[in-house]
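Before any comments, here is the structure.
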Amino acid sequence: MIAICPGSFDPVTVGHMDIITRAAGIFDKVYVAVLHNPKKHPAFTEEERVNMLRTATAEMSNVEVETWDGLLIDYAAHKGAGVIVKGLRAVSDYEYEFQMALANRSLRPEIETVFLTTSSENMFLSSSVVKQIASFGGDISAFVPAELRDVIKERLMQQRSEMQNGKH
Ligand code: PNS
């Protein structure tokens, strides 16, 4: 069965990687889809986010990373996927995820949304937390894939100094 792991991945965290790795162990093929979340203003370009995910998933033979400029559920149908996989951290995620899962099911009932519970060590982790820590020069080593640590840190610190200098 084909599965989709969707998200904005701004940037990818070890929490995302945990979900992608586990999904790749359950399903035959996993498409990681970098999508537009209308509620968010990404710090990284779409191309940067895709490239980071491709680096982080390079060793996973049944995982591919793509973007889609439209509805998640249409992308899932386009790829012939039966399942959308999302990670669920805490009660705070639940309402939003439940709403999206129901909306997606009402559009295409044949595609299921399944939730994998986040590993306990990643309960607090989010892309926003990583962005805040990195932009203040903190250590993000434990929160992002090792091979992406420096590029993420440099990019976010640079963005912060540009903001301080009034370029944004
Ligand atoms: O990582 P995120 O930001 O929580 O992921 C949310 C995302 C990108 C999966 C969601 O916003 C999404 O599916 N965007 C594509 C547009 C869409 O299909 N929206 C859902 C309609 S309810």
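Could you list, in sequence order, all residues of the range 52-99 that are assigned to a loop (DSSP other than H, G, I, E, B), within 14 Å of the ligand (Cβ to nearest atom) and free of Cβ contacts under 8 Å to residues at least 12 places away in the same chain?
G70
So which residues in the range 75-97 are within 20 Å of H16 (Cβ to Cβ) and not aliphatic (A, V, I, L, M), if there are any at all?
Y75, K79, K86, G87, R89, S92, D93, Y94, Y96, E97
Listed here are the residues, each with its yes/no results for (1) farther than 18 Å from M100 by Cβ; (2) without any contact (Cβ under 8 Å) to a residue 12 or more places away in the chain; (3) away from the ligand (no atom under 12 Å from the Cβ); (4) in a loop (DSSP other than H, G, I, E, B).
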position	(1), (2), (3), (4)
F9	no, no, no, yes
Y31	no, no, yes, no
K40	no, no, no, yes
E47	yes, yes, yes, no
V50	yes, no, yes, no
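Residues of the range 25-40 being within 10 Å of N62 (Cβ to Cβ) and β-branched (V, I, T), which ones?
If the condition is that a residue be within 10 Å of N62 (Cβ to Cβ) and β-branched (V, I, T), then V30 is the only one that fits.
Would you say N104 is in contact with a helix residue (DSSP H, G or I) (Cβ under 7 Å, 6 or more places away or on another chain) and part of a helix (DSSP H, G or I)?
Criteria met by N104.
Please enumerate the residues belonging to the range 21-54 that are in contact with an Asp or Glu (Cβ under 6 Å, 6 or more places away or on another chain) and surrounded by fewer than 19 Cβ atoms within 10 Å (Cβ to Cβ).
P42
Being under 17 Å from F9 (Cβ atoms) and of a type in the set (S, T, N, Q): is that true of S128 here?
Yes; evaluated as a whole, the condition is true for this residue.
None of the figures in this text is laboratory data; all of them are computed from the coordinates on show. As the structure is a computational prediction, the values presented were derived from the model and not from experiment. Positions of Cβ are generated from backbone atoms using ideal geometry, with glycine treated the same way; all protein chains shown enter the neighbour counts.
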